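One structure is given below, encoded as structure tokens.
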Amino acid sequence: MVYGAETRSTPLPAPTLDEQSPSAHHETAVFAGGCFWGVQTVFQRVKGVTATTAGYSGGTAATANYGDVSSERTDHAEAVKVVFDPSKISYGTLLRVFFSVVHDPTQLNRQGPDVGTSYRSAIFYTSPEQQKIAAAYIAQLDGEHAFPKKIVTELVPLKAFYNGEDYHQDYAEKNPNNPYIQVCDVPKTAALKKQFPELFQDYKSK
């Protein structure tokens, strides 16, 4: 199941605060919302996103590997670095996809069957503007009671992003018949296409 997204026929409301007239052609956002396979496979299909990388944030370089992170003793979160063109898609729109489709932001230190702090919901902001926009959107959604429970998403500065192992990159695309992918991630891409048809693009692993 998609934790929350599968029951929603329309996306969450757009942020009332968003980027204004960005001048750069590339901006980076980092999101954590459960297993990074599902987070990556959604953002790969969003128009305006130019690259995604599955990896780890929130801990140190010494233990930024799947074996150590899976021990739940490293403080990392499985995360995805999203490089996007802000002239084609705004940071606020990425946040809207993150909260509408990618995960359930009311689940603390877990996402569906995956339990532990490495599966926590987190936004690692890369600029004061991202922090301001994300904080405002979380407050907006909570104020509108968009979810039955309060959002628990952490909003913290990005100190470092560590690339995940090669076999984790494009995992959902390379292993479409994996039962976990079928149950947990395929519905997320379907929800993206249903809720954001104007943003949806096909993606093929290189």
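The protection proxy used here, the mean number of other Cβ atoms lying within 10 Å of each residue, ranks peptides 114-123, 188-197, 97-106 as follows, highest first: 97-106, 114-123, 188-197. Report the percentage of all Cα-Cα pairs in the chain whose separation exceeds 28 Å, rounded to a whole percent. Tail of P(r) above 28 Å: 18 percent of Cα pairs. You can think of it this way: the chain between residue 114 and residue 17 has 31.7 nm of extra reach, that is 0.36 nm per residue less the Cα-Cα gap.
Backbone geometry of the range 11-23 corresponds, through the Karplus equation with coefficients 6.51, -1.76 and 1.60 at θ = phi - 60°, to 3J(HN,Hα) couplings of x, 5, x, 5, x, 7, 10, 8, 5, 10, 6, x, 9 Hz, x marking Gly and Pro.
Over the chain, dividing the summed -39,500 (n - 2.57) contributions of all DSSP H runs of at least 4 residues by the number of residues returns a 222 nm mean residue ellipticity of -6500 deg cm²/dmol. Treating each Cα of the range 1-113 as one equal point scatterer and applying the Debye formula with no solvent, the log10 of I(q)/I(0) at q = 0.14, 0.16, 0.21 Å⁻¹ comes out as -0.61, -0.79, -1.18. The length gained on full extension between residue 71 and residue 135, counted as 0.36 nm times the residue separation minus their Cα-Cα distance, comes to 20.0 nm. With 0.36 nm allotted per residue and the present C-alpha distance subtracted, the residue 83-residue 60 stretch has 6.1 nm of extension available. Peptides 19-29, 54-64 ranked from most to least packed by the mean count of surrounding Cβ atoms within 10 Å: 54-64, 19-29. Rounded to the nearest Hz, the phi-derived 3J(HN,Hα) couplings of the range 182-194 under the Karplus curve 6.51 cos²θ - 1.76 cosθ + 1.60 (θ = phi - 60°) are 4, 7, 9, 10, 4, x, 5, 5, 5, 5, 4, 5, 6, where x marks glycine and proline. Computed from point charges on the beta carbon alone (+1 for Lys and Arg, -1 for Asp and Glu), the dipole magnitude for the range 1-111 about its Cα centre is near 260 Debye. Relative contact order of the range 53-116, please, whole-number percent, based on alpha carbon pairs below 8 angstrom and at least 6 residues apart. Value for the range 53-116: 27 percent.
Only the coordinates and a few stated rules stand behind these numbers; no lab work does. None of the values given here were measured: they were computed from a predicted structure. Every residue, glycine among them, receives a Cβ derived from its backbone with ideal geometry; neighbour counts consider all protein chains shown.
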